[in-house]
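Taking it in order: structure first as C-alpha cells, then the write-up.
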Amino acid sequence: MERSVQDVIIVGAGMAGLAAAYRLAAAGVRRLTIVEAGEPLGLTSRMGTEAYRNWWPDPAMTRWMNRSIDLLEAIDRRSGGAIGLTRPGYLFVANTPAALDGLVARAEAASAWGLGPLRRHPGAEAYVPASDGIAGCPDGADLLLGDALRGRFPFLGPAATAGLHVRRCGFVSALGLGTWLLDQARAMGATLRRGRVCAVEQRGGRVSGVRLESGERIAAGVVIAAVGPHLRDFARLLDLELDVRCELHGKVTVFDAPEVLPTGAPLTIWNEPVRLEWSAEEAAALAADPRRRGWLGELPPGVHLRRRGRDVQIIWTFERELIERPTWPPPFDPGLREVLIRGAAAMLPAMRGRFGRGEEAALDGGYYCKAADNRPLVGPLAVEGAYVLGALSGFGIMGSQAAAELLAAQLVGGRPEVDPAVADPRRLNAPGFAARAAAEAGSGQL
C-alpha cells in the first residue's frame, strides 16, 4: 500500500526522536510521521539514571548542555512541572589529593566555559543548599572539604574527605518528558506509526520514503534516523557507513533502601578507584572464573548512585568494550548486582548491610551509541534528504533538546543556538579525526 501523505519521517520514538518531532512540529512541519518498531521510549531512553548536567570536559559540550538544560527548564515551566525536573546537583566525592586536584582543575576550566563560579567551603561565601524543584538553586560548583562536606552530606563515610557539588545538574522523568513531547507533537499534527523500517527508498539520488516489514510504504522527502543503538545498521539501509559503536551500560536497583541515600540527595559519584571487599571463599571462586577474576583487582572510579522513591540505583561501567551491533536483551552478568553494591560501599557505609543480597536487586540497562569523540551526530548524511540525530551516548535525556533544536534549524531555517560543527556527521571522515578523538582529554562519561 502506497501512502504519500507525509513530508518528514522520524525513525525512532526514543527521547531523541520525540524531541525532534516536537521541535519540527513547533517549527511548522505539519506532515510528520514518527515510525517506531516497539513502544515509545521502550529501548534505552528509560534505562539510565534520568539525569542531566552541565559538567563536561570541553567548552563545546558545556555550551551544548547549557542550551539543552535551558530548553528542559522551559518545558518544565510550560508543562506545569509534568516532566519532574529537579536540581539537587551532582556530588563528586574524593579522598586523595590527586583526585581532588583533578576535580578542582576541571571546575576552574569549566567555569570559563559556562559552568558557573567555583566556591570553596569553608570560605567567605555561604553554601546554598539545593531546594525542591529548580527555583533558587545556584549554578557553578561548591568545593566542600572535611567537616564542611560531611556536615552537609552525613550519609558519606569517613573515607570521603572532599566533595565537589556541581549545581546545574539533577534529574528529569524520562517518561514524563517523552510523554509530554509526544502529546505536544501529536497536537500539532504529528502521527505515530508502529512498524519496523526495512528499507529507505531513493529516487533520483535522494530519499523518497521508507518501506516497513509489513510491506507498507510511507513517502517523504526527509527521513531522520533517530534509532539509538541501531544507528550503524540503519545507515547501511542507505548504503552508508557510520563509524559508531555501542557500549553496554547496566544499572542495579536496590529496593527499599532509604538508609543509603536520603531524599533529595544529589547524584553521588565516588571519584576514586575501588577494591571490593570479598570473603576468602568468594575471592577463591572469582579467581577460578576467567570472566570474573578482574573483580578482585583495582577497579576504576565512577560508581554513582541516585535515590528514586525508596529505592537506590547504582551505575558503574568499568568494562567498556565497544561493539558494532547490540544484542537484545542486553547480556549482563548477574554477578554485577553484587559488584555494584560492594562498589557503592566505598563511600556509603550503609550499603554494607546489603552485601550478599545482590539477588534481591534488579539489573537492567542498555547501550550507549557513541562516536569516537563522544559527541553527537546531528545533520545531513551523504544521501540527500537523509538526516541523522544520534550518537547521544549517555546524554540522550539531557542533550536531545539542543540536538533537536539544531536539526529543526537545519531543516526549516533559523539560527541554531549551538555550534553545528560540534555534531557535524562529516567530521567522522575528516582527515585526522581518529587521532584527534583519541587525544581528547576526557570522554564526558562519569
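Of note:
- Members of the stretch 73-115 found to be assigned by TED's automatic domain parsing to the domain that holds Asp139, among the small types (Gly, Ala, Ser) and in a helix (DSSP H, G or I), listed by number: Ala98, Ala99, Gly102, Ala105, Ala107, Ala109, Ala110, Ser111, Ala112
- Residue in the stretch 35-48 that is within 23 Å of Trp316 (Cα to Cα), in a helix (DSSP H, G or I) and touching a residue at least 24 places away in the same chain (Cβ under 8 Å) present: no
- Scanning the stretch 18-64 for residues that are under 30 Å from Gly102 (Cβ atoms) and in contact with a helix residue (DSSP H, G or I) (Cβ under 6 Å, 6 or more places away or on another chain) yields Thr44, Glu50, Tyr52, Asn54, Trp56, Pro59, Ala60, Thr62, Trp64.
- Taking every residue in the stretch 70-85 that is at negative phi and pairing it with any residue that is surrounded by 13 or more Cβ atoms within 10 Å (Cβ to Cβ) and modelled with pLDDT under 95, at least 6 positions away or on another chain, the pairs with Cβ-Cβ distances below 6 Å are Leu85/Ile134.
- Some residue of the stretch 424-434 being surrounded by fewer than 21 Cβ atoms within 10 Å (Cβ to Cβ) and closer than 19 Å to His230 by Cβ: yes
- Of all residues in the stretch 337-371, those satisfying the criterion of being in a loop (DSSP other than H, G, I, E, B) and surrounded by 20 or more Cβ atoms within 10 Å (Cβ to Cβ) are Ala345, Ala346, Met347, Leu348, Ala361.
- Residues of the stretch 151-167 include none that is part of a helix (DSSP H, G or I), hydrophobic (A, V, I, L, M, F, W, C) and surrounded by 17 or more Cβ atoms within 10 Å (Cβ to Cβ).
- Any pair with Cβ under 9 angstrom, 6 or more apart, that starts in the stretch 273-284 at a residue that is closer than 24 Å to Ala99 by Cβ and ends at one that is aromatic (Phe, Trp, Tyr) and assigned to a loop (DSSP other than H, G, I, E, B): Val274/Trp316; Val274/Phe318; Glu277/Phe355
- Hey, Tyr387 touching a Cys at 6+ places or on another chain (Cβ under 8 Å), under 30 Å from Pro59 (Cβ atoms) and not hydrophobic (A, V, I, L, M, F, W, C) or not: no
- Residue within the stretch 338-345 that is in the same structural domain as Glu201 (by TED's automatic domain parsing), of a type in the set (Val, Ile, Thr) and at pLDDT 95 or above present: no
- For first residues located in the stretch 178-207 and not assigned by TED's automatic domain parsing to the domain that holds Leu18, partners that are part of a strand (DSSP E or B) and lie 6+ apart or on another chain with Cβ distances below 9 Å do not occur.
- Just one of the listed residues (Val197, Val223) is at pLDDT 95 or above, buried (at least 17 other Cβ atoms within 10 Å of the Cβ), within 14 Å of Asp7 (Cα to Cα) and over 22 Å from the mean Cα position of the chain (by Cα), and it is Val223.
- Just one of the listed residues (Pro334, Pro290, Pro301, Pro258) is part of a loop (DSSP other than H, G, I, E, B), touching a Phe, Trp or Tyr at 6+ places or on another chain (Cβ under 9 Å) and not assigned by TED's automatic domain parsing to the domain that holds Leu389, namely Pro301.
- Enumeration of residues in the stretch 20-39 that are modelled with pLDDT under 95 and either crowded, with 23+ Cβ neighbours inside 10 Å or over 25 Å from the mean Cα position of the chain (by Cα) (or both): Ala27, Gly28, Val29, Arg30, Arg31
The values are calculated or read from the model by the stated rules, or taken from the named source; none is laboratory data. All figures in this text were calculated on a predicted structure; none of them were measured in a lab. All Cβ positions, glycine included, derive from the backbone under ideal geometry; neighbour counts span all protein chains shown.
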